[in-house]
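Working notes, structure below.
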Ligand code: NAD
Ligand code: WQD
C-alpha cells in the first residue's frame, strides 16, 4: 500500500555485484529496503545479481534495479542519481588486490579515489548525505598492539591501503565542511564464507590472492597446493608462537629453514560475509537514527584471531578434503597478527558477529562444491 511504500527506504549500493555487495543486497531486500546497484562488472558478473534475485524471490526482486556503470564516469552517475532518490549510499565499488596495487598504483588511485570523489559530488548535488563506506583493517598497517581499536593512529602499507586511508581522510574533511553529512566507515577484517545456500559466494578472477578462495580452489582440484606464508623462528622453545599471538614486534626473519616446529603462521580475524552484510544494515539504521553522528569508524570483525594452519585444519574438517600445504616465507608487508576490538560496534551499532570458523568453512565449502568454477560453467 502507498503508506508502507512511502516509508520504504531506498539505498544505492555501488559495487553491489561483488562478493560483499551481493550478500549485503540480499539482506537489504529481505530487510524491506529498495536497492539500486551500480557496478561496472570489472570484477564481477551479471550472473551474481541474477542469483541474488533468485534467492530474494520475485516479490522482493521488484525492489532491485541494476545499472551497468562506472563511478569514474559522471554521465553514469547523473543517470543513476537523476532517476531515483536515495536515502543513503553503501559504497563497495573499488579495486582491492594489494599486489596489483603495488604494480599499478595509478590504476588504484584513479579507480578508488576518483570514483569515490565523484560519488560524494553527486550525493551532495542530489542532497543524499548519508554514506556507509567499505574501509578495511588495512588502515591499521602493522598494528603495534592488538586488538585493533578504532582510535589507533592509521597507516598504510601499500597503494591499496593508502586509497582506503586517503578516502577516510577525505570523508572527514567533507563532513567537517558540511555537518549535514552522516558517514560511517566500516573497517572489515578478513571477509570469508558464503551464503548458506551456496548460491552466491566469492568468485575472484585469475589466481586468488586471499587465503580462503585459494584453499577452495585447492579443494576442488583447480590448484595443486596451498603456500602457507609465515615466519620461521630460529628458536625451539615455542616462545615464537606466543610472541606472534601477543602481537609483539616481529622478530627478524633470520635464517629461513621452514621446519614445521619453528614455523609460525599468521593470525587474522576471519569474519563470515553474512555477518558483514548484517553489519551494514546495523550501520544504516544507526545513520538514520543519529543526526549528529558526524564521520565515525567501526571495526567489523569477530574479535578472535585464527592462524592460517588452524583455518586449513577447520576447512579440511568441514569439507573432508585434504589441503596439501607448503610452508613459505612471509609475504612482504604482511603483519604477524591482526584482530579487531569489537567493543565499539557492539556498543554503538548493537551488532556482533554470530558465525564461527566452522560455519565460515562449511559455507565456503558448500559454495565451492556446488560451484567449483564460481559463476562460470565448468569448462
Ligand atoms: P569485489 O571486487 O567482489 O566487489 C567490488 C565491486 O565493485 C565489483 O563488482 C567491481 O566490478 C565493482 N567496481 C570496481 N570499481 C568500480 C567502478 N569504478 N565503478 C563501478 N563499479 C566498480 O570486492 P569485495 O570483496 O566485495 O569488496 C567490496 C569493498 O570492500 C571494496 O571496497 C574492498 O576494498 C572492501 N574490502 C574488502 C575486503 C575483502 O577482503 N574482500 C576487506 C576489506 C575491505
Ligand atoms: C590471510 C592470511 C596470509 C594466501 C588482505 C588485505 C586486507 C583485506 C583483507 C581488503 C595471511 C595467509 C594467504 C595464501 C597464505 N582486504 N595466506 N597463503 O593479507 O590478511 O588481508 O585481505 O581490504 O587489506 O591485505 O588476507 O586472505 O591474503 O591472507 O598463507 O595463499 O593467509 O599470509 O596470514 P590479508 P589474505
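Checking each residue in the range 327-347 for being within 16 Å of ligand 2 (Cβ to nearest atom) and in contact with a strand residue (DSSP E or B) (Cβ under 9 Å, 6 or more places away or on another chain) picks out 327, 328, 329, 330, 331, 334, 335, 336, 337, 338, 339, 340.
Taking the criterion of being more than 16 Å from residue 171 (Cβ to Cβ) and either at pLDDT below 95 or in a loop (DSSP other than H, G, I, E, B) (or both), would at least one residue in the range 273-281 satisfy it? Looking for residues that are more than 16 Å from residue 171 (Cβ to Cβ) and either at pLDDT below 95 or in a loop (DSSP other than H, G, I, E, B) (or both), one finds none in the range 273-281, hence no.
Among the residues of the range 27-81, write down those that are assigned to a loop (DSSP other than H, G, I, E, B) and within 12 Å of ligand 1 (Cβ to nearest atom). Don't jump to the end; show me each part of the working.
Step one: filter the range 27-81 for residues assigned to a loop (DSSP other than H, G, I, E, B), giving 31-33, 40-45, 62-63, 69-73.
Matches in the range 27-81: 40, 41, 42, 43, 44, 45, 69, 70, 71, 72, 73.
Among residues belonging to the range 48-66 that are over 17 Å from residue 33 (Cβ atoms) and touching a residue at least 12 places away in the same chain (Cβ under 8 Å), point out the one that is surrounded by the fewest Cβ atoms within 10 Å (Cβ to Cβ). Among those residues, the one meeting the criterion is 54.
Of all the criteria given as (1) more than 11 Å from ligand 1 (Cβ to nearest atom); (2) surrounded by 24 or more Cβ atoms within 10 Å (Cβ to Cβ), the one not satisfied by residue 15 is (1). Applying a threshold of 6 Å to beta carbon distances and a minimum spacing of six or more residues, or different chains, the list of pairs starting in the range 15-30 at a residue that is under 10 Å from residue 201 (Cα atoms) and modelled with pLDDT under 95 and ending at one that is within 14 Å of ligand 2 (Cβ to nearest atom) and not in a helix (DSSP H, G or I) is empty. Which of the numbered conditions does residue 127 fail, given that it passes all the others? Conditions: (1) free of Cβ contacts under 8 Å to residues at least 60 places away in the same chain; (2) in a loop (DSSP other than H, G, I, E, B); (3) at negative phi. Condition (3) is where residue 127 drops out.
Any chance you could count how many residues in the range 197-206 are at pLDDT 95 or above and more than 10 Å from ligand 1 (Cβ to nearest atom)? Walk me through it before giving the result.
Quick first cut of the range 197-206, residues at pLDDT 95 or above only: 197-203.
Now restrict to residues that are more than 10 Å from ligand 1 (Cβ to nearest atom): 197-201.
Final tally of qualifying residues: 5.
All of (1) more than 29 Å from residue 159 (Cβ to Cβ); (2) free of Cβ contacts under 8 Å to residues at least 40 places away in the same chain hold for residue 314 with one exception: (2).
Restricted to the range 316-333, and to residues there that are modelled with pLDDT of 90 or more and part of a loop (DSSP other than H, G, I, E, B), the residue that is surrounded by the most Cβ atoms within 10 Å (Cβ to Cβ) is 323.
The values are calculated or read from the model by the stated rules, or taken from the named source; none is laboratory data. It should be emphasised that the depicted structure is a prediction, and the values quoted were computed from it without experimental measurement. Every residue, glycine as well, gets a Cβ built from its backbone with ideal geometry; the counts of neighbours run over all protein chains shown.
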